[in-house]
Amino acid sequence: IVGKDAAEKYLLTVFTPGTKGKPSRVDLLRYPDRMGRESSTVSSDASAASTGGNNNDAVNPPSGPALTSKSLFNAEEAQVQWSPRADSALVLTQTSIDSTGESYYGSSHLFLLLENDPKRPGNGSALSVPLPPEAAKDAQGTVPIVSCSWVPNPTI
């Protein structure tokens with residue numbers, strides 16, 4: 001899922017489902033400078049091409065770590081909603097089965113991924129979105145989240 005900001009940089013979210021013993025994960029990346037790679041990868045053929053060889057292998061530019069990442073222990077799937085300015089995203093995660101036995105319908109969680117964290121300039125952040133105390137709870141006392149969206153006017 002991609003959002004484009006005004007500076008011609010592209011924000012991407014990548015959801016990686018969990019495997020046995022490993023949690024799911026969502027990453028906020030920015031193309032081309034924060035793609036989650038720490039260094040460039042250049043093949044020996046590509047270096048030969050730069051010295052006059054005929055090989056046209058692509059060179060991956062150096063890239064820094066993801067803007068932010070969040071490990072998700074209860075997530076089988078994720079839905080992403082980009083902000084109108086494309087500088088942040090809401091991530092709704094869901095499971096179809098609650099392994100704790102607390103809910104017949106599984107569980108859902110809502111997170112906010114920010115490109116710029118005011119407390120940590122140059123870094124993003126992943127925040128759990130608190131729900132209002134008056135939200136309707138199910139029989140187990142949890143709040144099922146079925147959808148999320150942004151206010152259409154970003155100036156509000």
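All of the numbers you see were taken from the coordinates with simple rules; none came from a lab. What you see is a predicted model, and the numbers here were worked out from it, not measured in a lab.
Using 0.36 nm times the number of residues separating Lys22 and Glu8, minus their current alpha carbon distance, what extension gain do you get?
1.6 nm is the gain from fully extending Lys22 to Glu8.
Calculate, in nm to one decimal, what Ala135 and Gln81 gain on full extension: separation in residues at 0.36 nm each, minus their alpha carbon distance.
That works out to 17.3 nm of additional length.
Pull out the extension gain between Ser71 and Val151, defined as 0.36 nm times the separation in residues minus the alpha carbon to alpha carbon distance; nm, one decimal.
Once the chain is fully extended between Ser71 and Val151, it gains 26.1 nm.
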